[in-house]
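*Asks:* Let me give you the structure first, and then I'll get to my questions.
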4 protein chains.
Amino acid sequence: MASLLVRYPSALRAHVTLVCSRTMASKTPVGFIGLGNMGNPMAKNLLKHGYPVIAYDVFPNACKEFQDSGAQLMESPADVAERADRIITMLPSSPNAVEVYTGQSGILKKVKKGSLLIDSSTIDPAMSKELAKAAEKMGAVFMDAPVSGGVGAARAGNLTFMVGGVEQEFAAAKELLTCMGSNVVYCGEVGTGQAAKICNNMLLAITMIGTAEAMNLGIRFGLTQAVAKILNMSSGRCWSSDTYNPVPGVMEGVPSANNYQGGFGTTLMTKDLGLAQYSATDTKTPIPLGSLSHQIYRIMCAKGYAQKDFSSVFQFLREEENL
Amino acid sequence: MASLLVRYPSALRAHVTLVCSRTMASKTPVGFIGLGNMGNPMAKNLLKHGYPVIAYDVFPNACKEFQDSGAQLMESPADVAERADRIITMLPSSPNAVEVYTGQSGILKKVKKGSLLIDSSTIDPAMSKELAKAAEKMGAVFMDAPVSGGVGAARAGNLTFMVGGVEQEFAAAKELLTCMGSNVVYCGEVGTGQAAKICNNMLLAITMIGTAEAMNLGIRFGLTQAVAKILNMSSGRCWSSDTYNPVPGVMEGVPSANNYQGGFGTTLMTKDLGLAQYSATDTKTPIPLGSLSHQIYRIMCAKGYAQKDFSSVFQFLREEENL
Amino acid sequence: MASLLVRYPSALRAHVTLVCSRTMASKTPVGFIGLGNMGNPMAKNLLKHGYPVIAYDVFPNACKEFQDSGAQLMESPADVAERADRIITMLPSSPNAVEVYTGQSGILKKVKKGSLLIDSSTIDPAMSKELAKAAEKMGAVFMDAPVSGGVGAARAGNLTFMVGGVEQEFAAAKELLTCMGSNVVYCGEVGTGQAAKICNNMLLAITMIGTAEAMNLGIRFGLTQAVAKILNMSSGRCWSSDTYNPVPGVMEGVPSANNYQGGFGTTLMTKDLGLAQYSATDTKTPIPLGSLSHQIYRIMCAKGYAQKDFSSVFQFLREEENL
Amino acid sequence: MASLLVRYPSALRAHVTLVCSRTMASKTPVGFIGLGNMGNPMAKNLLKHGYPVIAYDVFPNACKEFQDSGAQLMESPADVAERADRIITMLPSSPNAVEVYTGQSGILKKVKKGSLLIDSSTIDPAMSKELAKAAEKMGAVFMDAPVSGGVGAARAGNLTFMVGGVEQEFAAAKELLTCMGSNVVYCGEVGTGQAAKICNNMLLAITMIGTAEAMNLGIRFGLTQAVAKILNMSSGRCWSSDTYNPVPGVMEGVPSANNYQGGFGTTLMTKDLGLAQYSATDTKTPIPLGSLSHQIYRIMCAKGYAQKDFSSVFQFLREEENL
């Protein structure tokens, strides 16, 4: 019962009671708000694992499509909060999260004390902390659990979740998240899940652009495919070069082998780099390569690469000059 | 006898004969020119493997120090070339290579037809191709085989060699290089060994700075060591984060655990990035992150980081502001 | 009476009346909130021009120092708003502005209808628009009028004000601002004053770093002072090279001639570049050189340059390597 | 006769004599090698000023076209050097200069002692110094005098020349150069003319991209043309914003007002930035913004901007995203 160590100064007694009641009745309905490209397959995986799902989406079409799957659709986030004491949200950005949690018909209007609120949107860590404070005022527990893996992993239930929040709640969150992901990592206090995702995606962008530059330079040297082989056995090795190589013909089953379709779009990477830039500016952290990577992806968005996988930066840099 | 396929239009017959004579008498003396921090331990490994070594260095001290090891010291590169038909050179930069090969008392003044010349210096690929042409005119074979791994790997015989040149000669080169390294890779025509090293080191610099930025941002978020763990299980993973992490306390046995002593110095990385920049400009290849990495390491050279391991970029970015 | 053209849909009648009463009694007291390095000399210039000043600062020392000048000190921004229907604020950052305008004892708690509120702080344009909306709800007019010129220009009454807000109010604002500045420019709707300052300062940072790089490169070429002369008669000419050259010995009366003391500090420039970065990210505008300039000044803050004039970037780049 | 102060240790007597004979017969034929876009109008301006011109170009068409102007065409640079003791060269790049000066039928094969050789090509300063040494060995004087101003200024005789070389020869060089330019500046020893041009053009590129970024950000803020007005009266002012603004509609008579036709092409600016990058790497000078500007123009070359004026960077950054 180590998980009964609770640090919340307020609502302590009620909290302890409700944690117990929450964890002992695990197949009770789970709320799911945000049924888009990612939320829809994620919620379906919850259903697959036997959890009744109480859902809501601001777009009627998204709701209708999901209703056929056997979930119960509500009229507002507040209505979802009335019926489920564990809720997962999967929203495009901060303003959506603010509206869904703290808006007129938001979750916090009717949330039950001791509820567990897991936000898997990718938003500013500072915003996650604000939402956590607001939730705590209403006696609920908020955790940030942004994902990594994309639509394919969402469907296959192979997402990686980076979780931030009160450590005691991690087990309860993990129970739900393992229905949707194969990797659920505790990162620290609330906001650190977002932070971890931002740091990872900034490094990913840097290594991807770096790989594209190194491969392109190698090709111009006449090295062709040999350069990938050499990089992958040397100190330049990285996921971008050995698992997701941006050069067509180097490996199968990655976007570069499929005209950069699918995968993780340039627009999404640009958004994440914008979050990294905000956070770095806020914390006075110098990120010269991260900043430049953000600018490069920003420029690519306006040059026809917005919907292509982010590894299309190789194509962006590769276009030959007409001499 | 597949290795007897020879493509040299000129000096064909003499070449074939001498290749045969070279490969059949493998413990004949090997020349070694350049007995500095890297050359000294490399040549010693040749001696360890039973090869008589005929050596030369422009600095008398370096020669003296090596003489005690049992090698025979000569008065000039030309003198070495008279006595050995396989020669390895390990020099600091292009001007040195030009002097040693084509200078008044250079190798090519007395080189025997069919000699195998292996240059393990890191120089401009275009320069390697010039030297190869000059060697071919004298009936000798030139290969570039720059190394990766640093002084530690040189001593332990664990270097990686990236080899460029006529493919038929690779076996002969490999015979010698495996005495000094654990990884000997054929890259393509002459110049591609240098090219491969340049590409690898440019990507290494980019991933190292990127890792330093991501780790620093994570720490400022309050993530501390968790961020390294998360990066290494996610798409941000790279050699710089999982094998040579720049943050003190994250792993043992790397320069960050030893106040950035040893390893691969900032000045050397800056030099390699300068070579990448030259090559990229020559071939009109855009390398935005590579260029910026070069500028960052260039600035660090003037800020007290010149002799520190290149992972000290973390320290450079990390210094806290006095508010 | 062209200025009587009013476009406010709400509070129209009251507004017209109060505009008249405001403009006809121009030597009525003017409120001044924020008596720091800039605010103190600015408010003194208002006094010099015969305006009674009702002042407030959160720091008692700042208040005391100003009291001797003949102003009347209040206990809160709200108290100032009770007694003056024209108020100027000069605050360090957005959170301060939010507190002073909308806090418990903020201006808007007691502001009189039709008051003119001029904010000369440098804050995010989006925040200025928010404050303007809040002011409008209380029937007051808010204009942003950030300054350029620094402490020296503040003392000499030579500041440049970039003003955003309702055009009809510009004349009233100008009447006050010309006591403190020699250049008062109308930029457009509210927020555009901040926008103009941000754009200018971003370009200033870029040209200053560029000038430092070009001068440094010229000096390393052996050009010494000739390069400044040539730049200033050629297409590279800019304010940073012809009026505020960062190289010691090139011109008198600028910080580079005085060990980079005084002037416009690196920390302040970094703050402005952070605002430019936020705005660019918000509006999806690519600013590659602006971003990199922000990163360079950010790094300088942690290297002992925080309090030096921003032209000290020349010194930062110039430090020679020990070879 | 102050110009008789000669510092050449070798060929002193002969040199003095020939300087006298050179300067006293100023309307003697002038050699001109390189009759391309720039060389053709430059040579025509010499003719206009009454100088007989002895010319050569590697392309027969260029020669034919020039013959009609009244010049005498030769078969090689060496032939030109036989007949003229003052020669101006205007070539595209270093390899051309090396060939024309030191090739088999190059100038130095037949140059007369004491000849004045003025190279107005834009090449690496180190190369200029090499050519000067080679010329000195043959008893001739070499000066670098690269130009600024473009084809329009070449036709109008309004070029700026940045001259490097022995100061005593400056007057003689100036006599010829003032036929083609309105600004002839002495920069220092040989190579400094190139150096000055490189520094100027690097700063020009930085200020042009910076201006494009600031104007674009201002426009996205809703500032439209006001931002140009404000920049030009503030500390962000530079030639790129007040004389050559990159935004269509801001000023007349510049490439942005003519769909970026004419002017100074992106490809040419990229070449100059490549020279700046080489020089900076050689001298270990950090040029972060200069490097990034080089990369930006390099990328633009491959995106359809190669032939457009370099101010088209505004258009490159401005393209709106499809949301």
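The values are calculated or read from the model by the stated rules, or taken from the named source; none is laboratory data. The structure presented is a predicted model; accordingly, all values stated were derived computationally and were not measured. Reconstructed Cβ throughout: ideal geometry from the backbone, glycine too, with neighbour counts over all protein chains shown. SASA here: full protein model, heavy atoms, side chains in, ligands and nucleic acids out. Shrake-Rupley method; radii C 1.70, N 1.55, O 1.52, S 1.80 Å.
*Asks:* At 7 angstrom along the Cα-to-beta-carbon line, where would the label on A:Lys229 sit relative to the other copies? Give the distances in nm, shortest first.
*Replies:* Listed shortest first, these distances are 3.8, 6.0, 6.5 nm.
*Asks:* Here is a further query. What is the antiparallel percent of DSSP beta bridges lying wholly in chain B, to the nearest 5?
*Replies:* Close to 15 percent.
*Asks:* Right, next: Apply the a/c threshold of 1.5 to the C-alpha gyration tensor of segment D:17-123 and tell me whether it is rounded, prolate or oblate.
*Replies:* Working: a/c = 1.62, a/b = 1.12, b/c = 1.45.
Oblate is the answer for segment D:17-123, as a/c is 1.5 or above yet b/c matches or exceeds a/b.
*Asks:* For segment B:270-323 and segment A:23-92, what is the separation of their Cα centres, given in Å?
*Replies:* So the separation of the two Cα centres works out to 49 Å.
*Asks:* Continuing with the same structure: Under the classification rounded if a/c is under 1.5, otherwise prolate if a/b is larger than b/c and oblate if not, where does chain C fall, given a ≥ b ≥ c as square roots of the Cα gyration tensor eigenvalues?
*Replies:* Prolate shape, in that a/c is at least 1.5 and a/b is the bigger ratio.
*Asks:* For segment B:30-189, with only Lys/Arg (+1) and Asp/Glu (-1) charged at the beta-carbon, what is the dipole magnitude about the Cα centre, in debye rounded to 20?
*Replies:* 240
*Asks:* Considering all projection directions equally, how large on average is the shadow of the alpha-carbon convex hull of segment B:30-189, in square nanometres?
*Replies:* On the way: hull surface 31.2 nm².
Mean projected area of the Cα convex hull: 7.8 nm².
*Asks:* What percent of all Cα-Cα pairs in the protein assembly as shown falls into each 20 Å bin, going from 0 up to the bin containing the maximum distance?
*Replies:* Going out from 0 Å in 20 Å bins, the protein assembly as shown shows 10, 32, 35, 17, 5, 0 percent.
*Asks:* Let me ask something additional. With respect to the symmetry axis carrying chain D onto chain C, which residue of chain D exhibits the smallest Cβ distance to that axis, and what is the value in whole Å?
*Replies:* Spelled out as residue then distance in Å, it is D:Cys238, 2.
*Asks:* Which aspartates and glutamates, if any, have their Cα less than 16 Å from the Cα of C:Lys110, not counting same-chain residues under 8 positions apart?
*Replies:* C:Glu75, C:Asp79, C:Glu82, C:Asp85, C:Glu99, C:Glu136
*Asks:* Positive end of the dipole of segment A:30-189, charges at C-beta (+1 Lys, Arg; -1 Asp, Glu), about the Cα centre: which of A:Gly36, A:Ala81, A:Pro95 has its Cα farthest in that direction?
*Replies:* Farthest along the dipole direction, towards plus: A:Ala81.
*Asks:* Let me ask something else. Cross-link list D:Lys44/D:Lys174; C:Lys174/C:Lys197; B:Lys113/B:Lys137; A:Lys27/A:Lys48; B:Lys44/B:Lys109; A:Lys284/C:Lys129: which exceed 20 angstrom alpha carbon to alpha carbon?
*Replies:* Flagged as over cut-off: B:Lys44/B:Lys109; A:Lys284/C:Lys129.
*Asks:* To the nearest 10 degrees, how steeply does helix D:12-24 sit against the main Cα axis of chain D, on a 0 to 90 scale?
*Replies:* Helix D:12-24 sits at roughly 70 degrees to that axis.
*Asks:* I'd like to compare D:209-220, B:56-67, D:158-169: which one has the highest average count of other Cβ atoms within 10 Å, and what's the full order after that? Show your work: numbers first, answer last.
*Replies:* Working: D:209-220: 27.1, B:56-67: 16.0, D:158-169: 23.3.
Sorting D:209-220, B:56-67, D:158-169 by mean packing, highest first, produces D:209-220, D:158-169, B:56-67.
*Asks:* Further, regarding this structure: Just tell me how shielded B:263-274 is by partners: mean number of partner chain Cβ atoms within 10 Å of each residue's Cβ, no decimals.
*Replies:* 1
*Asks:* Over segment A:30-189, what percent of the accessible surface lies on carbon and sulfur atoms, probe 1.4 Å?
*Replies:* About 50 percent, which is the carbon plus sulfur part of the accessible surface.
*Asks:* Considering every residue in C:238-250, what mean count of other chain Cβ atoms within 10 Å of its Cβ is obtained?
*Replies:* For peptide C:238-250, the averaged partner shielding equals 3.
*Asks:* A further question follows. Placing unit charges on C-beta atoms (Lys and Arg positive, Asp and Glu negative, everything else neutral), compute the dipole magnitude of the protein assembly as shown about its Cα centre in debye, rounded to 20.
*Replies:* The dipole magnitude comes to about 0 debye.
*Asks:* Taking a label point 7 Å out from Cα toward Cβ, give me the nm distances from D:Lys133 to the same spot in the other copies, shortest first, one decimal.
*Replies:* In ascending order, 2.1, 6.8, 6.9 nm.
*Asks:* Output the peptides B:287-296, D:262-271 sorted from most to least packed, where packing is the average of other Cβ atoms within 10 Å over each peptide's residues.
*Replies:* Taking the mean over residues of other Cβ atoms within 10 Å, the ranking is B:287-296, D:262-271.
*Asks:* Also: Find the Rg to Rh ratio for segment D:180-323, where Rh is the Kirkwood radius over alpha-carbon pairs and Rg uses the same atoms.
*Replies:* In segment D:180-323, Rg relative to Rh is 0.99.
*Asks:* Right, here's the next one. How crowded by other chains is A:297-307, given as the mean number of beta carbons from other chains within 10 Å of each beta carbon?
*Replies:* The per-residue average across the peptide is 5.
*Asks:* Note the angle between two axes, namely the Cα long axis of helix C:125-137 and the longest principal axis of the Cα atoms of chain C, as a number of degrees from 0 to 90, rounded to the nearest 10.
*Replies:* 0
*Asks:* Run the dipole for chain A about the Cα centre, Lys and Arg Cβ at +1, Asp and Glu Cβ at -1, nothing else charged, and hand back the magnitude in debye, nearest 20.
*Replies:* 560
*Asks:* Grab the alpha carbons of segment A:132-241, take their convex hull, and tell me the volume per residue in Å³.
*Replies:* 124
*Asks:* Can you give the angle from 0 to 90° between the axis of helix C:266-282 and the longest principal axis of chain C, with both taken from C-alpha atoms, to the nearest 10?
*Replies:* Taking Cα atoms only, the helix is inclined about 70 degrees.
*Asks:* Helix-only mean residue ellipticity at 222 nm, chain B, DSSP H runs n ≥ 4 weighted -39,500 (n - 2.57), per residue, nearest 500. What is it?
*Replies:* -14000 deg cm²/dmol
*Asks:* If you put a point 7 Å past Cα along the Cβ direction, how far is that point for B:Gln67 from the same point in each other copy, in nm, smallest first?
*Replies:* 7.0, 8.8, 9.6
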